[in-house]
1. Look at the range 588-608 and say how many of its residues are surrounded by 14 or more Cβ atoms within 10 Å (Cβ to Cβ), of a type in the set (D, E, K, R) and within 19 Å of Ala628 (Cα to Cα).
2. So if I check each of Arg411, Arg334, which one is crowded, with 18+ Cβ neighbours inside 10 Å, more than 17 Å from Arg461 (Cα to Cα), modelled with pLDDT of 90 or more and of a type outside the set (A, V, I, L, M, F, W, C)?
3. Which ones in the range 51-87 are modelled with pLDDT under 85 and touching a Ser or Thr at 6+ places or on another chain (Cβ under 7 Å)?
4. Can you list residue pairs whose Cβ atoms sit under 9 Å apart, with the first residue in the range 386-409 being at positive phi and of a type outside the set (A, V, I, L, M) and the second being outside any loop (DSSP other than H, G, I, E, B) and at pLDDT below 95? Count only pairs 6 or more apart in sequence or on different chains.
5. Scan the range 536-551 for residues that are assigned to a strand (DSSP E or B) and aliphatic (A, V, I, L, M) and jot them down.
6. If the requirement is being more than 23 Å from Trp422 (Cα to Cα), buried (at least 22 other Cβ atoms within 10 Å of the Cβ) and touching a helix residue (DSSP H, G or I) at 6+ places or on another chain (Cβ under 9 Å), which of these qualifies: Val728, Val658, Val702?
7. Do you know which residues across the range 490-544 are in contact with a Ser or Thr (Cβ under 6 Å, 6 or more places away or on another chain) and among the aliphatic types (A, V, I, L, M)?
8. Please count how many residues of the range 337-364 are more than 27 Å from Phe549 (Cβ to Cβ) and touching a helix residue (DSSP H, G or I) at 6+ places or on another chain (Cβ under 6 Å).
Amino acid sequence: MIRTTNDVMRTLLFQASLPARFWAESLHTATYLINRLPSTASPAPTPHHALFGTPPRYDHLRVFGCACYPNTSATAPHKLAPRSTRCVFLGYSPTTRGTAFDLTSRRVLISRHVVFDESFFPFSSTTTPASDLELESLFPTDPVVQPPLSERSAGPSPVCLPDAPVPFPVVPAAPRAAPVSLAAPRAAPESPAAPQAAPEAPCPEAPLSPAGPRAAPRPPLRYAQPVRVYQRRTVVSPAPTPPLQASPVPAPSTSPPAGPPEPPRHPRLAARVESTVYHPPVLERDPRHLHPMVTRRAAGVLRPAALSTAAAEPGISPVPSSVRDALADPHWRRAMEEEYTALLANQTWDLVPTPPGGNVVTGKWIWTHKRRADGTLDRYKACWVLRGFTQRPGVDYDETFSPVVKPATVRTVLSLALSRSWPVHQLDVKNAFLHGTLTETVYCSQPAGFVDPTRPDMVCRLNKSLYGLKQAPRAWYSRFATFLVTLGFTEAKSDTSLFIYRHGDEMAYLLLYVDDIVLTASSPSLLQRIITSLQQEFAMKDLGVLHHFLGVTVEPRPSGLLLHQRQYTLDILERAGMADCNPCSTPVDTQAKLSEDAGPPVADPTAYRSLAGALQYLTFTRPDITYAVQQVCLHMHDPREPHLTALKRLLRYLRGTVDYGLFLHRSSSAELVVYTDADWAGCPDTRRSTSGYAVFLDGNLVSWSSKRQPVVSRSSAEAEYRAVANGVAEASWLRQLLAELHSPLAKSTLVYCDNVSAVYLSTNPVQHQRTKHVEIDLHFVRDRVAIGDVRVLHVPTTSQFADIFTKGLPSAVFSEFRSSLNIARG
């Protein structure tokens, strides 16, 4: 059978003239076809029929290696770009109808709409030899000629290595200490020295801020940043000139341009463009290394460059644009050396010769300023990140999913710890992804600027995961979860990023969000024993009492905790150019509903989408803006001027409530209460309703939602009944979560609804004529009521707190409901 499969594999490769590096795709296709061929070796007609019990289909089979044209409109750089490109059919996929290899971008594409040309084989007619295609890297590296010092400040510098080789430190691996037993309290051993710095996930972009001083007048939202006009990169014809040689900007020519001239991005600022025009040096590339992929910049689709806040701060080195610039700055060089030393100490890789036909993943340095909660500089961070998008599925990665803790779980655990007066600490794992062990064989290039001078031609065979790899978060999570099990923790079923420890009267909860950890325990001694055990296994830093987690500031108060995102709110206002705008009392206008096609399109939809996306994370501690954020995010695909007006109103409301946050208070009761509401047929375009709910645990708001219903409701009772079903589903999950936290609820969950018909429907099968079309799964509410987990009760509209999640409210009502949600000023 192996010989038959190999013969078919070679036949497919030779018939399509494919290079040998496509052997995996050819082998998969050969196996796929053999399993569908008639066979006399078994009673079934085909192996597929014998395995699955159904005859195989043949209508989707195509000639391997033929030309195909998938629909690429979703990834087109601009509206005038082609809607398809010539690709090579590479076989079938277990989850899709097939895969295609793009000869231009050298990537594998998946599309549902493909046109096949089974009479043409691109590799058999191409002029590029197969060996060149096989050995050419995805992003070829061109030689670099270092410009004179006088020209280095004229534009971005190319990445190159320093003239003198960087020292290649050899760091011995530290012996691993045995973990401390948590079963019985005893004197904890001396904790090892904490690392110098806490790790963070790499962030390639710094926060945005206006370039000018605060006293200067701020431009409108869509023109919040200076306009920069870039000159397109020009490609010269082959000539015996050095590659990548910088040349001065040519004088304006009187000949017509190669393509139609592009209008200014912002027509009303045409008069101000002359003062902000930036002309980088024109780079001439070696014709032998021209990559055919067309980027957005090459196509003329440009956007203003991001401005770093460090550029305006004295004494802070700006984020470098190349490895040469970073190594020339002592701050960034020290950060890169710390990162490289940590990689060696962790035995992240072994240097091996380049494997023939292997996929070598390239990487790049990412530099960023790590800041404290108040926005001041904490440290310089450098991280070597791999280009995971060059990995091949089934070859150097398989599963990639990795869970993170849910926001409702975080608020629930904090509420329980606060009520029990437990200490809460936050931990940070240094170089978290380096602790994950890989199960696949992955090769990567040596870090730029730190190439081993004795073995410069070798590559790194990874033993541990690195940032950028598709399976890196999963590998780190598996490694950390496995170690917690050895300490006696159990993984919660309701939220797999929550780990629970219980031994006798001792109990602890651990929340994991990538490399940020929140740990709370029933006693300080148990808390310290767990931290000591973790520090013996991982490079971990105890940051003390919880104060800043996932961008949320936690301030202790005499009666509880205040969770707020004040600095994040100020950053959003700065980015929008509305830091000094006039505030308003409510986030939503009560007079009109937003429509899809109302008004002209906005001039800069990218700025709209960026701000709307940033506001989504602000709802972590600001439930009062949940409905407003949901409304503006519904129109991110085609924002119009009324949508921009609504977004500005929301920002004006945030300007007046920048110090507000979610307050969690101490309570001795154990009660779960839910408020649900719906705005029947509130959407002017689809007539669909908006559901909202708020869930309180011991008087603390731990979960909320504002979401448009997927179907049209025929009556207000149906819309309210659907909202009740959403609230009951969330309450059922929270009841299960509390049971796993060893805090089960003895009382039924009270669900309040202001529609009498919906209350009747949740208890008895009444009003059959009005609900015969309602999905059966919605009636699970009656099952929960029957077993006693839930009681659905009526509440007057004046006390329906969930109203704030379904519609715009007058100022007086909004302020009252906002206070009822425990939103307070910091």
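1. Selection size over the range 588-608: 3.
2. Arg411
3. Within the range 51-87, Thr72 is the sole residue that qualifies.
4. Note: pairs meeting the criteria are Gly394/Ala24; Gly394/His28.
5. Scanning the range 536-551 gives Met540, Leu543, Val545.
6. Working: Val658 fails: buried (at least 22 other Cβ atoms within 10 Å of the Cβ); Val702 fails: more than 23 Å from Trp422 (Cα to Cα).
Being more than 23 Å from Trp422 (Cα to Cα), buried (at least 22 other Cβ atoms within 10 Å of the Cβ) and touching a helix residue (DSSP H, G or I) at 6+ places or on another chain (Cβ under 9 Å) holds for just one of Val728, Val658, Val702, which is Val728.
7. Correct list: Leu498, Ile500, Met507, Leu512.
8. Result for the range 337-364: 3.
The values are calculated or read from the model by the stated rules, or taken from the named source; none is laboratory data. Here the structure is a predicted model, which means the values were calculated and not measured. All Cβ positions, even for glycine, are placed from backbone atoms using ideal geometry, and neighbour counts span all protein chains on display.
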